[in-house]
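The values are calculated or read from the model by the stated rules, or taken from the named source; none is laboratory data. Computed from a predicted structure; not experimentally measured. Neighbour counts run over all protein chains shown; Cβ positions are idealised from the backbone, glycine included. SASA here: full protein model, heavy atoms, side chains in, ligands and nucleic acids out. Shrake-Rupley method; radii C 1.70, N 1.55, O 1.52, S 1.80 Å.
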Amino acid sequence: MTILIPIVAALLPAFALLYFIWKKDKQKEPTSWLRKAVLWGVVICFPVAIVELGISTILFGEGGKPSSVAGTTTMAFLVAALPEESFKLFALWRVLRRNPYFDEHFDGIVYAVCVGLGFAAFENVLYVFTQENWVATAVMRSLLAVPGHYAFAILMGYYYSVYHFVDHSPKVAACVLLIPVFAHGVYDALAMSGLVNPYVGGISFFVLIYFCIKMHKVAHSKVLALLHQDEERNQQA
């Protein structure tokens, strides 16, 4: 029972957001394909960890840590955001490339969220079990980190669907990866700044809250936009 409580605390935010996006989907995707997407999100955690360790070692030395805000910003974008979002995109592509049920705009968001929250759920379990104060860690990550991965996934899924169904331009193709990387990088840069400067970190925390609110508003607008496109297409059919 003692072990079960932190596991539930770590997994509950991801499952709650998965359920929320699943309820939004008018034509439900097969459960087997959704499970596959979540599993891909979990599996990529392992190569991501290896790549992140390698990049961090190259940039900061073995066991090294950034000693400036510029260093934490570099770590946020190059060590965390770029590898994680790149592997998530690879996982999403693997799930959707031969998926016969990928036939609506909103499906891109659904599957991207499954991948993103599969990753976030496993990552959350690791954080909860490796931090001394697991309760505080679980609460903070349930309010910020897990919803962050959810928002990044919505952005990726939105542009993936736009590219697949509407606009095959290089600009949209770039947005599939670069927009989530940018959002993720800004989020991590603000969150990490306190590691080297507590004063900057204190200010950054309030900026982070504002950024998260704005990011989730943008993500919600993307959800509504694709739902609206699917409704219009179904009415015309």
Point-to-point label distance, Ser169-Glu62, nm (Cα→Cβ direction, 7 Å offset): 4.9 nm
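For the range 33-167, with only Lys/Arg (+1) and Asp/Glu (-1) charged at the beta-carbon, what is the dipole magnitude about the Cα centre, in debye rounded to 20?
240 debye
Per residue and in Å³, how big is the convex hull formed by the alpha-carbon atoms of the chain? Could you put the intermediate results ahead of the total?
Working: hull volume 30.4 nm³, N = 237.
Hull volume over Cα atoms, normalised by residue count, gives 128 Å³.
Might you tell me the accessible area per residue for the chain, computed with a 1.4 Å probe and given in Å²?
Heavy-atom SASA per residue in the chain reads 52 Å².
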Leu144-Arg233 FRET efficiency (beta carbon distance; Förster radius 30 Å; 0.05 resolution): 0.25
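Please give the length that would be gained between Ile213 and Leu178 if that part of the chain were fully extended, namely 0.36 nm times their separation in residues minus their C-alpha to C-alpha distance (nm, one decimal). Show your work: numbers first, answer last.
Values: separation 35, 0.36 × 35 = 12.60 nm, distance 2.00 nm.
Residue separation times 0.36 nm, minus the Cα-Cα distance, leaves 10.6 nm.
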Residues Asp25 and Ala225, FRET efficiency given R0 of 22 Å [Cβ-Cβ distance, rounded to 0.05]: 0.90
Dimensions (Å) - the range 155-230, Cα atoms, principal axes, largest first: 46, 24, 12
Relative contact order %, the chain, counting alpha carbon pairs below 8 Å whose residues are six or more apart: 27 percent
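Take the solvent-accessible surface of the protein heavy atoms, probe 1.4 Å, and return the percent of it on the range 103-142 that carbon and sulfur atoms account for.
62 percent
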Peptides ranked, highest mean first, by Cβ atoms within 10 Å: ranges 155-167, 203-215: 155-167, 203-215
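What is the magnitude of the charge dipole of the chain about its Cα centre, with +1 placed on the Cβ of each Lys and Arg, -1 on the Cβ of each Asp and Glu, and no other charges, expressed in debye to the nearest 20? Provide the component values of the computation, followed by the final result.
Working: 17 positive and 16 negative charges, 49 e Å.
Here the size comes out at about 240 debye.
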Alpha-carbon centroid distance for the pair the range 2-29 / the range 78-144, whole angstrom: 12 Å
Dipole of the range 92-147, positive end: most advanced residue of Phe119, Ser142, Asn99 [Cβ charges, Cα centre]: Asn99
Positive-end extreme of charge dipole, the range 1-83 - chosen from Ile21, Ala9, Val48 (charges on Cβ): Ile21
